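One structure is given here, and the rest of the page talks about it.
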Amino acid sequence: MKALAGRTAVVTGAGSGLGRAMALAFAREGMQLALCDVDERGLAQTLALVNGKALSMRVDVSKADEVEAFGARVEEPWLVCNNAGVSPLGAVWENSVADWQWILNVNLWGVIHGVRTFTPRLIERNSGHIVNTASVAGLISPPGMGAYNVTKHAVVALSESLHQDLRERGSAVGVSVLCPAYVPTGISSSERNRPAELPAGAKSPATQAKEAMMRKAVSSGKLSADDVASAVVAAVKEDRFYILTHRRIKGAIQARMEDILQERPPRNPLAL
Ligand SMILES: NC(=O)c1ccc[n+]([C@@H]2O[C@H](COP(=O)([O-])OP(=O)(O)OC[C@H]3O[C@@H](n4cnc5c(N)ncnc54)[C@H](O)[C@@H]3O)[C@@H](O)[C@H]2O)c1
C-alpha cells in the first residue's frame, strides 16, 4: 500500500467536477495540494473548499510553457493527476479544424505536457504516481463523439506506454488511467472554456441532438464525482493501473475486444 499523507498531489482541471473532487479527497487523506485550472473562478472556489491550503495557479494545460511554469512552483510533486478535459461533440467529418485543435490541445497535449513536466521529477526520487484521466471513451468508441474518443484512446495508449517505459527502466513510479462513464460534472458545458481563437462552427441538428442526449446522460450519471475520487485514492494506494469505476460498462469493452479478435465490424457500444 502506498502512503499518501504529507505528500503533494498535483491536479489539473481542479476548478470543477472530477478535479475538484480529487483535490478534496486528497486533502482528506492529509496530502498537500497544487491545483491548477484555466478557470480562475472555479479554481478559487476549490481553494476555498480546502480552506486556502493549496498552491493554486491559472494554467492552460494546452500550453507547454504554462504547465512547465506551474511545475516549477511545485516543490516535491508525488501524485500527478492530468485531468483537465473538454468535450465538443459531433460526427468526425463535421467537427471543424478548430474543434479538433481545441480538443487535441487540451485532452491530449495537456496530458503530454503534464507527463513531460512531472515524470522526470518523480523518477529522480524514484517515488510517486501519475493518474491520467481518460474515459470509457478511451476503451470503446461510441458514435457522435469521435474527436473525444480519439483523445481518450490516445490518453489510454500514452498511459500504457508510460507504465511500460517506467517498468523497463526499473522505476518505482506508478501509473493509473482513470476511465469513468457518465458522472454529473460540468463536462457537457465545456464550451465555456473554448479559447476565442478556436471558435465553434455551426452545429448540425444531429450534433445538437447528441448534445442534448449527452447532457441528460451526464446529469443522470449514477456515480458522483466524489465516488470517482475515492476510486482514484484506492487505486493509487493499491498501485492499480486501470481504474474502471462503472462496472457495467465492462460488457461493452469485452464486446469491442471480441469484435477485434473475430475481425468483425465494431458493434455500437451504446446499443449493447
Ligand atoms: N463527467 C464525465 O461524465 C466524464 C466521464 C469520463 C471522463 N471524464 C473526464 O474527466 C475529466 C474532468 O472533467 P469533468 O467531468 O470534471 O468536467 P468539468 O468541466 O466539470 O471539469 C473540467 C475542468 O477542466 C478545466 N479545463 C478545461 N480546459 C482547460 C485548459 N485548457 N487548461 C486547464 N484547465 C482546463 C475546466 O475549467 C474545468 O474546471 C476530463 O478529462 C473529462 O474528459 C469525464
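In this structure residue 121 has an accessible area near 60 Å², from a 1.4 Å probe over the protein heavy atoms. GNM, the chain, Cα, under 10 Å: largest mean-square fluctuation among 33, 49, 104? Between 33, 49, 104, it is 49 that shows the largest mean-square fluctuation. The charge dipole of the chain, taken about its Cα centre with unit charges on the Cβ atoms of Lys, Arg (+1), Asp and Glu (-1) only, comes to about 680 debye.
Report the net charge of residues surrounding residue 45, where surrounding means a beta-carbon distance below 12 angstrom and charges are Lys +1, Arg +1, Asp -1, Glu -1. Write down the numbers at each step before the final one.
Values: positive: 20, 41; negative: 37, 39, 40.
It works out to a net charge of -1.
To put it simply, the accessible area of the chain at a 1.4 Å probe is 54 percent carbon and sulfur. Within the listed set 184, 120, 77, the residue fluctuating most in the Gaussian network model of the chain (springs between alpha-carbon atoms under 10 angstrom) is 120. GNM on the chain, alpha-carbon springs under 10 angstrom: the most fluctuating residue among 94, 191, 168 is 168.
Shown for the chain are the DSSP H helices of 15 Å or more along their axis, judged by Cα atoms, with a mean Kyte-Doolittle hydropathy of at least 0.5: 17-28, 225-238. Once the 1.4 Å probe is applied to the protein heavy atoms, the range 152-272 comes out at 57 Å² accessible per residue.
Could you work out the local net charge near residue 236, counting Lys and Arg as +1, Asp and Glu as -1, over the other residues with Cβ closer than 15 Å to its Cβ? My count for the surroundings of residue 236 gives +2.
Each peptide in 81-89, 107-115, 151-159 receives the mean, over its residues, of other Cβ atoms within 10 Å, and ordering these scores from highest gives 81-89, 107-115, 151-159.
Just to confirm my numbers, what's the Cα centroid distance between the range 100-167 and the range 13-76 in Å? That distance is 18 Å.
The largest accessible area among 187, 253, 130 belongs to the first residue in 187, 253, 130, and the rest follow in falling order (1.4 Å probe, all chains).
Ratio of Rg to Rh for the chain, alpha carbon only, Kirkwood? Ratio value, two decimals: 0.95. Restricting attention to the chain, the count of lysine pairs at 8 or more positions apart or across chains with alpha carbons under 26 Å apart stands at 18.
The values are calculated or read from the model by the stated rules, or taken from the named source; none is laboratory data. Computed from a predicted model, the values in this text were never measured in an experiment. For neighbour counting, all protein chains shown are included, and Cβ atoms are generated from backbone atoms with ideal geometry for every residue, glycine included. Accessible surface is based on the protein model in full, side chains and every heavy atom, while ligands, DNA and RNA are left aside. Shrake-Rupley method; radii C 1.70, N 1.55, O 1.52, S 1.80 Å.
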